[in-house]
1. Which of (1) at pLDDT 95 or above; (2) outside any helix (DSSP H, G or I); (3) within 22 Å of the chain's Cα centre (by Cα) is the odd one out, the single condition Gln174 does not satisfy?
2. Of the conditions (1) under 30 Å from Ala47 (Cβ atoms); (2) acidic (Asp, Glu); (3) in contact with a helix residue (DSSP H, G or I) (Cβ under 6 Å, 6 or more places away or on another chain), Asp222 fails just one. Which one is it?
3. From the list Glu89, Glu104, exactly one residue is acidic (Asp, Glu), crowded, with 17+ Cβ neighbours inside 10 Å and farther than 19 Å from His245 by Cβ. Which is it?
4. Six or more apart or on different chains, Cβ under 9 Å: which pairs go from a residue in segment 278-289 that's part of a helix (DSSP H, G or I) to one that's surrounded by 14 or more Cβ atoms within 10 Å (Cβ to Cβ) and acidic (Asp, Glu)? Could you list them?
5. Among Leu269, Leu229, Leu257, Leu262, which is surrounded by fewer than 16 Cβ atoms within 10 Å (Cβ to Cβ) and of a type in the set (A, V, I, L, M)?
6. Sort out which residues of segment 214-257 are in a helix (DSSP H, G or I), among the aliphatic types (A, V, I, L, M) and touching a residue at least 24 places away in the same chain (Cβ under 8 Å), and write them in order of number.
7. Any residue at all in segment 172-185 that's polar (S, T, N, Q) and surrounded by 14 or more Cβ atoms within 10 Å (Cβ to Cβ)?
Amino acid sequence: MKAKASFTLTLFLVFFVFVHIKAGDDAMINDLPIQYEELTATDFPVALKKASKTCLIPMGIMEKHGPHLPIGTDLINIRAIALAAAEREYVVVFPPYFVGQIFEAKHQPGTIAYSHELIWNFLQETCDELARNGFEKILLVNGHGGNNRFLDYFCQAQLEKERDYVVYLYREPQDEAFEKKIQQKQKSGFDYHGGELETSLMMAHRPELVRLNFVTKESGQDQHRLDNLSNVWTGIWWYARFPNHYAGDASPANADLGKMILEHRVQLLAKTIKQVKSDQKTSQLQKAFFEKSKTQRRKK
């Protein structure tokens, strides 16, 4: 009888310890930071698992945004969107990243324009290091228009040699119904850079950084200085049109409009994060591609 009671007590204690350990593990998983720099070394393997080995890099830049917005506007806005999306669908968010293409703004104060070699190598080595640390999926989320062509080519060039990770470039989907709602609320005629929409977005989450009283200090109008050319493209095109590095009119900007934009963009990104985390096909296809590439080399 005593042996049976002792065995029962042992089973109870084992179960009690198991439940408490599991509860501790669950609490650890639920309390994991989403920001890479806030993870401890102990957190790291747990974060890898919870994120399905996915790391998101929100990419901004240091450049003028008219006379009224901070130089880090692209970085500040895209990180706000990324962090909010990661709260809804867990992913590890890389620290502030502002190494990108911005040669067209070198004539303006505050611009940090690294060489094209450094821009490329820094991103490639960042991806390589993330992979060395266990990430198999790297999601680039761009917040700066000047990076578009660079990032397209960077992603394509990942097929140059075999890699054990996949780079995804987020392309925010077009939503005609939502865009129509925005157009109905938008008061300015056009909005390319530092205008009503970008300013409204900043006002939605960092209003203290916006100086609307400075808006009229410079013109954001198109100067049309290369209208004599058609069917060609040149690197000086932006300076020719918007030498003040301000394109639009931010005067009507307001936080309500910005909150609409912020919520919409967060929803879209959270959905994509979930898709990327569950994606297995891209990795399989990439591996098959590299294997066939080796076969072609052997044939030659």
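1. (1)
2. So Asp222 meets the others, but not (1).
3. Numbers: Glu104 fails: farther than 19 Å from His245 by Cβ.
Every option except Glu89 fails the conditions.
4. Hits for this filter: Ser283/Glu136.
5. On the way: Leu269 fails: surrounded by fewer than 16 Cβ atoms within 10 Å (Cβ to Cβ); Leu257 fails: surrounded by fewer than 16 Cβ atoms within 10 Å (Cβ to Cβ); Leu262 fails: surrounded by fewer than 16 Cβ atoms within 10 Å (Cβ to Cβ).
Just one listed residue meets the conditions, Leu229.
6. First pass over segment 214-257, keeping only residues in a helix (DSSP H, G or I): 214-217, 237-241, 255-257.
If we keep only those that are among the aliphatic types (A, V, I, L, M) too, we end up with 215, 240, 255, 257.
Result: Val215, Ala255, Leu257.
7. In the first step, residues of segment 172-185 are kept if they are polar (S, T, N, Q); the result is 174, 183-184.
Subset that is surrounded by 14 or more Cβ atoms within 10 Å (Cβ to Cβ): none.
So far as segment 172-185 goes, no, none of its residues is polar (S, T, N, Q) and surrounded by 14 or more Cβ atoms within 10 Å (Cβ to Cβ).
The values are calculated or read from the model by the stated rules, or taken from the named source; none is laboratory data. Owing to the predicted nature of the structure, the values given are computational and were not obtained by experimental measurement. So basically every Cβ, Gly included, is an ideal-geometry build from the backbone, and we count neighbours across all protein chains shown.
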